[in-house]
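Notes follow the structure.
Every read-out reported here was derived from the displayed coordinates using simple, explicitly stated rules and does not represent laboratory data. What you see is a predicted model, and the numbers here were worked out from it, not measured in a lab. Neighbour counts are summed over all protein chains in view; Cβ atoms, including those assigned to glycine, are modelled from backbone coordinates with ideal geometry.
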Amino acid sequence: MSPNPGSNTFETMDLTLHCEPDETIRSTVVSRKGTFLALTLHGKPEARIFHLYSHDDNPFEKLNLPVTGKISGMAFPPEQREVALAIEQHHCVERYALGLGRLKCLPISSPQSVTYNRDGCLLAAGSSSGKIVVWSFHNESPTELYQVNCGDGCIIQIDFGIGNQQLFALTADNRCFQIDFESSSTRFGIANNASTKRILTEDDGIASDWQCLSMAAHPWLPIVVFGGNDRFFWTYDYKLKTLWRSESETANYVRKLQFLPEAKKLAVFGDQTLEFWQLDGVVFRDRGSVGNRTELLGRGTWRPTKMVKASTAPAPGLIPVAAIPMETKAVVAWASSGRA
């Protein structure tokens, strides 16, 4: 890895992931603190797990997980040495304790996406039919807590909001949904008390031909960002119901988004570049009720305010596939063309 020239306030380094000539990366996922990087390859039923060290110049390939079906989604919990794989043909989410072996599988028909909540005590998976299942790990054995249907679209990405009372889902037909739950609901009762609504529509001022390609929810701020088939990405504060548009300076479209929460950064993956945006707290004036009066009130939220770094490929034919947080810098992983 070699340093990238540029800003002194946010340093990046390049890491090229080398594959065989017939291999291209299908997807990548990074643990929140950058300890582990997982990737899958097109046409190969295998997850490759890299254990990363901030003091070393090269990653150490820790473990390969051979499976017998296509991996549709992957996720790491925040702290545990574990990875969850959505295996469509097996109709389950397979969990592996890294270095120890497979844990109990979680059944769901044709899973396409998987995610953990902030503290790793909940796991959610989305299916090809729009079904979402949430499990709890508070007991020794995983317990299925909730089931809810999010339309009939294939759920390709799913994320928890803060407080475990919201889920955000992105479907293969480029629609975005917010699912709100009642915290007092009991086993399966939440399915009857869930509120599912589509977000980012023309009613929100979004262009009718805009297609959402990616999303990311912040682990402890009430914001979720969405990117799509143009240069713009949208920050949605789901507590205040505010929407903020930002424009990429280098990308023609936004194919992936990733928060680096400890660094207060948002990584915006374009077609060939990767931008890092600063997250700042901002206050805006809005009308609200005070007693029987309507007044202008100051409300606080968080937004990406400015691009602080743009990374370009260290060699022709490479695209950015992951941003790996490491102490005060980020490692940008590059690979040969293939969506990740």
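I need T328, T250 ordered by Cβ neighbour count within 10 Å, fewest first.
Numbers: T328 11, T250 16.
By the 10 Å Cβ count, ascending, the order reads T328, T250.
For the residues S27, S129, what sequence is obtained by ranking on other C-beta atoms within 10 Å, fewest first? Mind showing how you got there, number by number?
Values: S27 20, S129 15.
The fewest-first ordering by Cβ neighbours comes to S129, S27.
Using each residue's phi in region 15-30, evaluate 6.51 cos²θ - 1.76 cosθ + 1.60 at θ = phi - 60° and report the 3J(HN,Hα) Karplus result to the nearest Hz, with x for Gly and Pro.
Values, residue by residue: 9, 9, 8, 8, 10, 5, x, 9, 10, 9, 6, 8, 7, 9, 8, 10 Hz.
Give the shape of region 2-336 as rounded, prolate or oblate, defined through the alpha-carbon gyration tensor: a ≥ b ≥ c are the square roots of its eigenvalues, a/c under 1.5 means rounded, and otherwise the shape is prolate if a/b is larger than b/c and oblate if not. Don't skip to the end; give the middle numbers.
Values: a/c = 1.64, a/b = 1.10, b/c = 1.50.
Cα axes put region 2-336 in the oblate bin.
What's the FRET efficiency of D204 with E262 using the Cβ-Cβ distance as r and R₀ = 25 Å, to the nearest 0.05?
Numbers: r = 30 Å, r/R0 = 1.21.
For R0 = 25 Å, the calculated efficiency reads 0.25.
Amide H of K256: which non-local residues (sequence gap of 5 or more, or other chain) have their own amide H closer than 5 Å, using H built in the peptide plane?
Correct list: F269.
How far apart, in nanometres, would the label points at E140 and A313 be if each is projected 7 angstrom from Cα along the Cα-to-Cβ direction?
Reported label-point gap for E140 and A313 is 5.3 nm.
Hey, what do the phi angles of region 122-133 turn into as Karplus ³J(HN,Hα) couplings, whole Hz, using 6.51/-1.76/1.60 and θ = phi - 60°, x for Gly and Pro?
10, 9, 10, 9, x, 10, 6, 9, x, 7, 10, 10
Can you work out the FRET efficiency for the pair S109 and K241, with r the C-beta to C-beta distance and R0 = 25 Å, to the nearest 0.05?
Values: r = 33 Å, r/R0 = 1.34.
After rounding to 0.05, the efficiency reads 0.15.
Between A97 and T328, what length in nm is gained on full extension when 0.36 nm per residue of separation is reduced by their alpha carbon distance?
Values: separation 231, 0.36 × 231 = 83.16 nm, distance 2.81 nm.
Full-extension gain reported as 80.3 nm.
Give the order of V83, V133 when sorted by the count of other beta carbons within 10 angstrom, beginning with the fewest. Show your work: numbers first, answer last.
Numbers: V83 23, V133 20.
Taking fewest neighbouring Cβ atoms as first place, the list is V133, V83.
Please tell me which of these pairs span more than 20 angstrom C-alpha to C-alpha: K131/K197; K309/K329; K239/K309; K33/K306; K44/K256? Can you show the working numbers first?
Working: K131/K197 14 Å; K309/K329 11 Å; K239/K309 29 Å; K33/K306 23 Å; K44/K256 22 Å.
Those over the limit are K239/K309; K33/K306; K44/K256.
Hey, rough spin-label estimate for N252 and Q80, points 7 angstrom out along Cα→Cβ, what's it come to in nanometres?
For N252 paired with Q80, the spin-label model returns 4.3 nm.
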